[in-house]
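Okay, structure first, notes after.
The values are calculated or read from the model by the stated rules, or taken from the named source; none is laboratory data. A quick note: this is a predicted structure, and the numbers were derived from the prediction, not measured. Counting neighbours? That spans all protein chains shown, and the Cβs are built from the backbone with ideal geometry, glycine included.
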Amino acid sequence: MIVLGIESTAHTFGVGVITEDEILSNAKESYRPEKGGIHPRKASDFLASRAGSVIRKALTTAGAGMEDVDLVAFSRSPGMGHSLRVGSVAAKTLAYEFNKPLIGVNHCIAHVEIGRRVTGMNDPVVLYTSGANTQVIAFQGGRYRVFGETIDMGIGNFIDSFARYAGIPFPGGPRIEELAKKGKYVELPYVVKGMDVSFSGILTNLRQKLKKHELEDLCYSLQETVFAMMVEVSERALAHCQKKELLITGGVAANKRLREMCRLMCKERGAGFKAPPMDLCVDNGVMIAELGLKMHKAGVKGEVNIDQGERTDEVEIKWR
Amino acid sequence: MAVKKELIAQGAESRLYHYRDRVIKERVRKSYRIKQIDIKLRKQRTKAEARNLKKAAKLIKVPKVIDVKKFRIIMEYVDGEVLRDVISTTSREVIKQVGEYVALLHSRDIIHGDLTTSNMILGDELFFIDFGLSEIKNSIEAKAVDLHVLKQALKSKHHKYYRNAWRIIKKAYLESYKEGEGVLKRLRRVEARGRYKNRG
């Protein structure tokens, strides 16, 4: 069965084509603001302008035409309304034009499912770290439960915001990681509340420190602090659920220090640790196709209306 | 003859040892975080937990704190069964007491943070243990979430007794805490949000 998946929840328009056994293609284009953060309308204009070419590229690379596709999947939730609409319209247009079944899927769960597929981990705790999302997810009682999460901004947005204040061009993550290598520790607030983390207070604190400290030191302390917070919550989830594996995904999973910390924590607990290849950690169409495939095979019809705010634990999981 | 200390539990951040009539809770070093952060957190949390245990001791039965070291709390050993394992034979009075205990803690703004039946020990009397996630917070939301954790724990682990137990607990909570009504009202909102989570 050939599935075409369309990702369009934020700043990436991604299209993936897969079968049960193979990932045939993974095409994407991402909107990069010249300065400042992501403007929702500009982002969606960008996505709409690239939709056609990305779909074409994904099909060409896969060596397939629309007539070969058996199912069209798209990210229906959660995300920015403008962006979601672009993906939804593209998917519906294809489905109606070529008379294919259509299925809408949850973006966060798609990250988890593609991670399980490519790492071979069956029942991991998932640390999902991206621009807008920071969640620790585990499967329990028939649902993906969010054990811990950010109560304000996502880790990626936090890092990008700090980068902007510090005059580091977008994307700030890689540069901050580089600078951190030469830094020393400056005390920052450490904010774990129960199982949740919070970044906004740390951001304010860092801003106030910008003039008084070396940028290297702030980058180092930022990484050591917020990554430790996320790893701590991940460990709690592992202990609480008595699970034996941790999977990291999302764009921030590219950070080597974060991976190292996850690996150390897991080693101490005797747990396994894996991450998918980076092009499947960031937003992509392959993961949408993968979740669409799993839902379809489980006989889930799936909603086709978009939902900006759907939560991970609202989705009934019938394929596990 | 020397009595060996015996490891009785291992959580995400600490180890629990049984030694003679004492329990030693030790917060262990985490190699993933840098020394400065590691030491700060272990110190702060040990101090806060001991403080909250002492506060709670004035209201309900909790293990008595004997000594507090840098990363270690030494407390009395509480003999009994974990409520989780004996709930099927537990009397109505004990279940009622669970509600009263939570009410008493909340009336002094103590949020336990991990109210599960694994953290309740029934010996000669009922004890609440493990204040590792506790905090002092004058917040209806925090109290509602505290109750929610308890309700979820009952529901998932003790499905058969859940309805009855929750009714008794709710009633006792309301009788023992004059602001309980507001907390229960907020609890309904917490549940309606559907963003509930297990806490560990």
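Give just the number: which of (1) within 18 Å of B:Val94 (Cα to Cα); (2) modelled with pLDDT under 90 does B:Phe127 not satisfy?
The single condition B:Phe127 does not satisfy is (2).
How about segment B:1-41: which of its residues are more than 10 Å from chain A (Cβ to nearest Cβ), aliphatic (A, V, I, L, M) and crowded, with 16+ Cβ neighbours inside 10 Å?
Pass one, segment B:1-41, residues more than 10 Å from chain A (Cβ to nearest Cβ): B:1-9, B:14-27, B:39.
Among the residues that remain, those that are also aliphatic (A, V, I, L, M) are: B:1-3, B:7-9, B:16, B:23-24, B:39.
B:Leu16, B:Val23, B:Ile24, listed by residue number.
Could you give every pair whose Cβ atoms fall below 7 Å, whose first residue belongs to segment A:181-194 and is farther than 18 Å from A:Tyr220 by Cβ and at the interface with another protein chain (Cβ under 10 Å from one of its Cβ atoms), and whose second residue is surrounded by 19 or more Cβ atoms within 10 Å (Cβ to Cβ) and among the β-branched types (Val, Ile, Thr), counting only separations of at least 6 or pairs across chains?
Taking only residues 6 or more apart or on different chains, the pairs are A:Val192/A:Val233.
It is to be established whether one or more residues within segment B:159-166 are surrounded by fewer than 16 Cβ atoms within 10 Å (Cβ to Cβ) and not in a helix (DSSP H, G or I).
Taking every residue of segment B:159-166 in turn, none turns out to be surrounded by fewer than 16 Cβ atoms within 10 Å (Cβ to Cβ) and not in a helix (DSSP H, G or I).
May I ask you to list the residues in segment B:98-116 that are part of a helix (DSSP H, G or I) and either surrounded by fewer than 21 Cβ atoms within 10 Å (Cβ to Cβ) or not assigned by TED's automatic domain parsing to the domain that holds B:Arg163 (or both)? I'd like the intermediate steps shown before the answer.
Restricting attention to segment B:98-116, the residues satisfying the condition of being part of a helix (DSSP H, G or I) are B:98-107.
Result: B:Glu100, B:Leu104, B:Ser107.
For segment A:198-256, which positions are more than 18 Å from the chain's Cα centre (by Cα), within 13 Å of another protein chain (Cβ to nearest Cβ), assigned to a helix (DSSP H, G or I) and over 16 Å from A:Phe158 (Cβ atoms)?
A:Asp217, A:Glu232, A:Glu235, A:Arg236, A:Ala237, A:Leu238, A:Ala239, A:His240, A:Cys241
Any chance you could count how many residues in segment A:11-50 are of a type in the set (A, V, I, L, M) and either at pLDDT below 95 or over 20 Å from the mean Cα position of the chain (by Cα) (or both)? Give the derivation first.
Of segment A:11-50, the ones of a type in the set (A, V, I, L, M) are A:15, A:17-18, A:23-24, A:27, A:38, A:43, A:47-48.
After this cut, where a residue has to be either at pLDDT below 95 or over 20 Å from the mean Cα position of the chain (by Cα) (or both) as well, the list is A:24, A:38, A:48.
Of the residues in that region, 3 qualify.
Go through (1) under 23 Å from B:Arg29 (Cα atoms); (2) surrounded by fewer than 20 Cβ atoms within 10 Å (Cβ to Cβ); (3) among the aliphatic types (A, V, I, L, M) one by one and return the number of the condition A:Ala254 breaks.
The one condition A:Ala254 does not meet is (1).
Which of the residues belonging to segment A:1-19 are within 14 Å of A:Ala73 (Cβ to Cβ) and outside any strand (DSSP E or B)? Walk me through it before giving the result.
To start, the set of residues in segment A:1-19 that are within 14 Å of A:Ala73 (Cβ to Cβ) comprises A:1-9, A:14-19.
Of everything in segment A:1-19, those that are within 14 Å of A:Ala73 (Cβ to Cβ) and outside any strand (DSSP E or B) turn out to be A:Met1, A:Ile2, A:Ser8, A:Thr9, A:Thr19.
Has segment A:171-183 got at least one residue that is closer than 17 Å to A:Gln208 by Cβ and either modelled with pLDDT of 90 or more or in contact with a helix residue (DSSP H, G or I) (Cβ under 7 Å, 6 or more places away or on another chain) (or both)?
Pass one, segment A:171-183, residues closer than 17 Å to A:Gln208 by Cβ: none.
Checking segment A:171-183: not a single residue is closer than 17 Å to A:Gln208 by Cβ and either modelled with pLDDT of 90 or more or in contact with a helix residue (DSSP H, G or I) (Cβ under 7 Å, 6 or more places away or on another chain) (or both).
Cβ contacts < 8 Å: first residue more than 15 Å from A:Val282 (Cα to Cα), restricted to segment A:249-263; second residue among the polar types (S, T, N, Q), any location; separation 6+ or different chain. Result?
A:Arg257/A:Gln223; A:Leu258/A:Thr129; A:Leu258/A:Gln223; A:Cys262/A:Ser234
Quick one: in segment A:257-277, of everything that is more than 8 Å from chain B (Cβ to nearest Cβ) and of a type in the set (A, V, I, L, M, F, W, C), which residue is farthest from B:Ala12 (Cα to Cα)?
Per the stated criteria, the residue is A:Ala275.
With the checklist (1) surrounded by 14 or more Cβ atoms within 10 Å (Cβ to Cβ); (2) closer than 23 Å to A:Glu224 by Cα in hand, flag the one item B:Gln44 doesn't pass.
(1)
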